[in-house]
Each structure stands twice: as structure tokens, then as C-alpha cells.
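Peer 1: Supplied in C-alpha cells, the structure appears directly below.
Any read-out appearing in this document is the output of simple, stated calculations on the displayed coordinates, not a laboratory observation. Computed from a prediction, not measured in an experiment: that's the story for all the values here. Note that we place each Cβ from the backbone using ideal geometry, even for glycine, and neighbour counts take in every protein chain shown.
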Amino acid sequence: MAAIHFGYTISKPRAIDLDRNNLRKSDEILREMPELQTCIGCGSCTAVCTAGNLTEFNFRKVHTLVRRGEYQGAYEEMNKCMLCGKCRLVCPRGINTRGVVLLIKRKLGDF
Amino acid sequence: MKRVIIIGGGPAGMQTALCLVRRGIEPVIVECENELGGKLRNWHVLFPTFTPASDVLTELRRKVRENRIGVHLSTSVETFTDRQATLSDGRVLTCDAVVVATGFTLFDARIKEEYGYGIYDKVITSADLERLFNEGRVVQAAGEHPRRIAFLHCVGSRDEKVCQQHCSRVCCVTGVKQAIEMRRLFPEADVFNFYMDIRMFGPGYEELYREAQQRYGIHFVRGRISEAAPTHDNRLQIKAEDTLTGRPLRMSVDLLVLLVGMRANDQNAAWAADNGLNQAPSGFLQPKDLFLGNVRSGVEGIFYAGTVTAPKTIGETVNEATAAADAVADYLTTKA
Ligand code: SF4
Ligand code: SF4
Ligand code: SF4
């Protein structure tokens, strides 16, 4: 019997569930670049980001999501980065942010 | 010899007494507990240096003993004026000035029912954790191999819902310190600190915060936990918003530590009314002014030292006690 379509869909849960997320990649990333953990979420990187000013790309948000084990779409997002390095010039924690872009792409390339 | 009654025998009261003795004034400490030390007695180590609280306490108590300072233990002050105090045992002590060094009250975490303190044994306060460290019983509370431990900042501070609008100042750095201690004790556990703002105002605090992030891998999530609920396997599920990603977040933890704030003593209101002292909106006693009159009450002969006027660190409290003794000595000289 064909399913009747009532016009409703089931929304995907939006919550980040750390019990379900697999944090292995995120742990690997933080082990290779512990400095990423010092991010204080100031948003300077995103403010100066050339890519972020032209597209939806938000470097701060993407790397924070990756640290929570939310990898979906992160690789594609990081592809918007043109590696100009402006973010690294401003990060008050001295994080090698461009290195973070490259590391996340390397780790999540096969995701 | 001039005599000064010091109400409260914590770090502020003891230091005030020691400084008064050096100036040839006779201090008398009235302490409601059965020993000197105040809240510091239950503390394990102090931020940001991990100095044992007992080091500070032992030193202060030793000096009080050596100087033969008069101490009334297990006695509280019922009422006082600048010239006398009526004690709980009915005695009346006369004096030439009074220093109020009665400190603060720890926020009762049960009031924030949504976190389940006093209901779930996996929820403890920062003060409980210090005590557990002292008693060597942290493993008992957290389990042998906790996988995840969460700290929640601002419990009973910066919260209109519990009538505590002020920031307690010391809990952020305490949270960072305790998170590091937990990581040292349980290297396999992930530690998460949930905060609204991180306030690292003191020397070495920001450095400690950064060390907690980089060296100890502690996760800081900007967002306030909305509730804690038990799971079927006797852990706790907590919910918050990870505001920096704009997404709700949940996880189960083996221990939730509530960083409880410092609130004003209930006693302050009655004493303020008796003596015409001012209370700040937070309920703490309000000094004469915040720049040149920090330890003065605005009423002749009544002075303040330590956290009775606002949340402070141990170092600040001890410094302020020194300043209070100085102000008392000035007052007694000009009056003589
Ligand atoms: S390196 Fe990438 S993320 Fe950084 S500012 Fe340039 S485009 Fe943005
Ligand atoms: S500039 Fe640095 S500290 Fe600020 S959000 Fe970006 S990575 Fe984090
Ligand atoms: S010091 Fe931190 S945890 Fe304590 S009340 Fe202030 S902001 Fe909240």
C-alpha cells in the first residue's frame, strides 16, 4: 500500500548529542593541535575572513562544531577558505588558524 | 589600652587582629564556630597556585596564638554598637571600635531545583568538592572511572531568579582550578565547563585558564545548563545551548559540579538597621565609598574587613584586613 503523504515531514534533531557523536576525529585534531582548544570564541577570525564576507562560511563556528563531533559538511565548508591567512594575523590566542583549516580538511577529507 | 571587637574569626578577622596588636591596640575576636578559620577551613587548595589552604590557615592561627589574642569561640554577637557588643552567652563586651568581618554565606544550591542538588548524588557543589578532596573521597563521589565531568558556572550568582544579581568573582577561577584537579585525578575523563562569561580578573588567572584549555584539554562551552536529569544507568543527562554554534547540546555525565556563589549574610539587614549602616542592593554591607573608604562603614567606630562587603579572594581579604586595622588605628588616634 502506498504511504499516504500528509504533507508533514520529520525534522532532524538539531541537538548536539555528545553521547552519540563519535569524538575520535575531534580528539585526534585536538591532539595534533592542542592550541585549538584555547579558542575563546571571540570571532576575530570570522570578522576578517575574506571567504566569510562573501559566503556563508564561518570559520569559528565550523571548527567549534568539529570539536563537538559534528563533522557533517565541515570539509565542504573548509573548502571555501582560500588560505589567505588573515585569521591567523588577528587570533588573540595565537592559534595557527590556517593550520586548523588544513588539519580539519586532512582529517575529515574521507568523512 | 584601646580595645577593638572583631566580629568573625576567618582570615579577615585574624589578619585585622594581628595588625591591631602591632599597633598597640587590644583586639578581641568573637567567632561563632568552635575554631578560627571561617570558610577557609573546608577548602583544599587555593587558586591560582594550588597552595594548600591549610598553609594560610596554620600561619594565621599560629600568629594569633603567639600574640595571645583574645578569642571567644562558639560565641556569636547578637547586637553591637561602636562601643559594645552583646554576645550570645549574654555577656556584654565594651570596646572603642568594632570591625565587622563576618564574611559571606554560600548559596544554597538546592534553590536551583533544576540541577537536582540534594536529590541526585551525582550533583555536588564546588564547596563539597573541596571537602571531598580534603577527605580523599573524590573517587567515591565521581566513581572509579568517570568518563565525563561537568562544571556549571554562576550557580546562585548573576541570576535574577534567585535574587542574586552580583557576580561572585571567585567561582570562575575556582571552576578552572577544580577542572584541572579533576583532569589530574582522572586523566581519562573529559571535563566540560559551562559558562556565561569567563571572568579571570586576577594575576595568573587567565594564564591558568589557558593552561586548562591547552595543556589539560578542558572543554569550555558558553551556555548555561538548563536542567539535569538522571539516566537509566545512574548517570546524569544535562542540557544546554552551545551558544557559539547556536545549537542545543546534551550529554550524560558522571558528576556535575555546581560552582556556588557567595551571597550576603542574612544577618546584615538587622545589623544595618540597628546601626544605620548601608546595604548594597546585593545585600552585602556597603562601604562608605569604593575608592578611599573601602573599609569604613560611614558610621563612626564601625569598620569592615573582607567579604562582608563583597565577594573577594583570600589575598584581597587579607590585604583589606590590614587596611581596616590601619583605619581603626587612625580613628582611635584622632579620637584620643
Ligand atoms: S585563511 Fe581561510 S579562514 Fe582564514 S581568513 Fe583566510 S579565508 Fe578566512
Ligand atoms: S580568532 Fe582565535 S580565539 Fe577568536 S574565535 Fe577565531 S580561533 Fe577562536
Ligand atoms: S566569577 Fe564567573 S562563575 Fe562566578 S559569578 Fe562571576 S561569572 Fe559567574
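Peer 1: Any idea how far apart B:K335 and B:I119 come out in nm if each label point goes 7 Å out from Cα toward Cβ?
Peer 2: 5.2 nm
Peer 1: Here is a further query. Taking a ≥ b ≥ c as the square roots of the Cα gyration tensor eigenvalues, with a/c under 1.5 meaning rounded and otherwise prolate when a/b beats b/c, else oblate, which class fits the range A:24-107?
Peer 2: Numbers: a/c = 1.67, a/b = 1.20, b/c = 1.39.
In terms of gyration-tensor shape, oblate.
Peer 1: Can you sort B:S252, B:S74, A:S11, B:S126 from fewest to most other Cβ atoms within 10 Å of each residue's own Cβ?
Peer 2: A:S11, B:S74, B:S252, B:S126
Peer 1: Would you mind listing how long chain B runs along its three principal axes, going by Cα atoms, in whole Å with the largest first?
Peer 2: 68, 38, 37
Peer 1: Quick check: the distance between the Cα centres of the range A:16-55 and the range B:272-323, to the nearest angstrom?
Peer 2: Each part's Cα centre sits 45 Å from the other's.
Peer 1: Taking Cα pairs under 8 Å and at least six residues apart, what relative contact order does chain B come out at, in percent? Write out the running numbers ahead of the final one.
Peer 2: Values: 719 pairs, mean separation 69.2, N = 336.
Relative contact order, chain B: 21 percent.
Peer 1: Can you put B:Y115, B:Y216 in order of Cβ neighbours within 10 angstrom, beginning with the fewest?
Peer 2: If I rank by nearby Cβ atoms, fewest first, I get B:Y216, B:Y115.
Peer 1: How crowded by other chains is A:41-50, given as the mean number of beta carbons from other chains within 10 Å of each beta carbon?
Peer 2: On the way: counts 7, 0, 1, 0, 0, 0, 0, 0, 0, 0.
Mean number of neighbouring Cβ atoms from other chains: 1.
Peer 1: Under 19 Å Cα-Cα from B:K2, which aspartates and glutamates qualify once same-chain neighbours fewer than 8 residues away are excluded?
Peer 2: List returned: B:E26, B:D82, B:D96, B:E300, B:D326, B:D330.
Peer 1: What residue among B:L292, B:L106, B:L60 has the largest mean-square fluctuation in a Gaussian network model of chain B, using Cα springs under 10 Å?
Peer 2: B:L292
Peer 1: Something else about it: Using only DSSP helix segments of four residues or longer, with each worth -39500 (n - 2.57), what per-residue ellipticity at 222 nm results for chain B after dividing by its residue count and rounding to 500?
Peer 2: Theoretical 222 nm ellipticity from helices: -9000 deg cm²/dmol.
Peer 1: Using only the C-alpha atoms of the range B:156-220, find the volume of their convex hull and express it per residue in Å³.
Peer 2: Normalising the Cα hull of the range B:156-220 by residue number yields 83 Å³.
Peer 1: What is the sum of charges, Lys and Arg at +1 and Asp and Glu at -1, for the other residues whose Cβ falls under 13 Å from the Cβ of A:C42?
Peer 2: Net local charge, A:C42 excluded: +3.
Peer 1: Follow-up. Using Cβ contacts closer than 10 Å as the measure, can you line up B:H232, B:H219, B:H153 from fewest to most?
Peer 2: Working: B:H232 5, B:H219 19, B:H153 27.
Going from least to most buried by this count: B:H232, B:H219, B:H153.
Peer 1: Excluding residues fewer than 8 places away in the same chain, name every one of the lysines whose C-alpha is closer than 30 Å to that of A:K86.
Peer 2: Correct list for A:K86: A:K25, A:K61, A:K105, A:K107.
Peer 1: Compare B:A240, B:A305, B:A273 in a GNM of chain B, Cα atoms joined below 10 Å, and give the one with the largest fluctuation.
Peer 2: Fluctuation is largest for B:A273.
Peer 1: Per-residue Cβ counts within 10 Å, from other chains only, averaged over B:239-245: what number is that? Please report the intermediate quantities before stating the final value.
Peer 2: On the way: counts 1, 1, 2, 8, 1, 10, 12.
If you average over the peptide's residues, the count of other-chain Cβ atoms is 5.
Peer 1: For the range B:109-261, report the % of Cα-Cα distances exceeding 24 Å.
Peer 2: Taking all Cα-Cα pairs of the range B:109-261, the fraction more than 24 Å apart is 26 percent.
Peer 1: Related question: Work through the residues other than B:G38 whose Cβ is under 13 Å from its Cβ and net out their charges, Lys, Arg +1 and Asp, Glu -1. All intermediate terms of the calculation are to be shown ahead of the outcome.
Peer 2: Working: positive: B:K39, B:R41, B:R61, B:K312; negative: B:E31, B:E33, B:E35.
Surrounding charge for B:G38 is +1.
Peer 1: Under 5 Å between amide hydrogens, which residues at least 5 positions from B:G70 or on another chain qualify, with H placed 1.01 Å from N in the peptide plane?
Peer 2: For B:G70, whose amide H was placed from the backbone, the distant partners under 5 Å are B:I29.
Peer 1: With the cut-off at 1.5 for a/c, could you classify the protein assembly as shown from its C-alpha gyration tensor as rounded, prolate or oblate?
Peer 2: In terms of gyration-tensor shape, prolate.
Peer 1: Select from B:R91, B:R183, B:R263 the residue whose mean-square fluctuation is largest in a Gaussian network model of chain B (Cα-Cα springs shorter than 10 Å).
Peer 2: B:R91
Peer 1: Something else now. What average count of beta carbons from other chains do you get within 10 Å of the Cβ of residues in B:219-228?
Peer 2: 2
Peer 1: Here's another thing I want to ask about it. Residue separation times 0.36 nm, minus the C-alpha to C-alpha distance between A:S11 and A:D27: what's the value?
Peer 2: On the way: separation 16, 0.36 × 16 = 5.76 nm, distance 2.90 nm.
Between A:S11 and A:D27, full extension yields an extra 2.9 nm.
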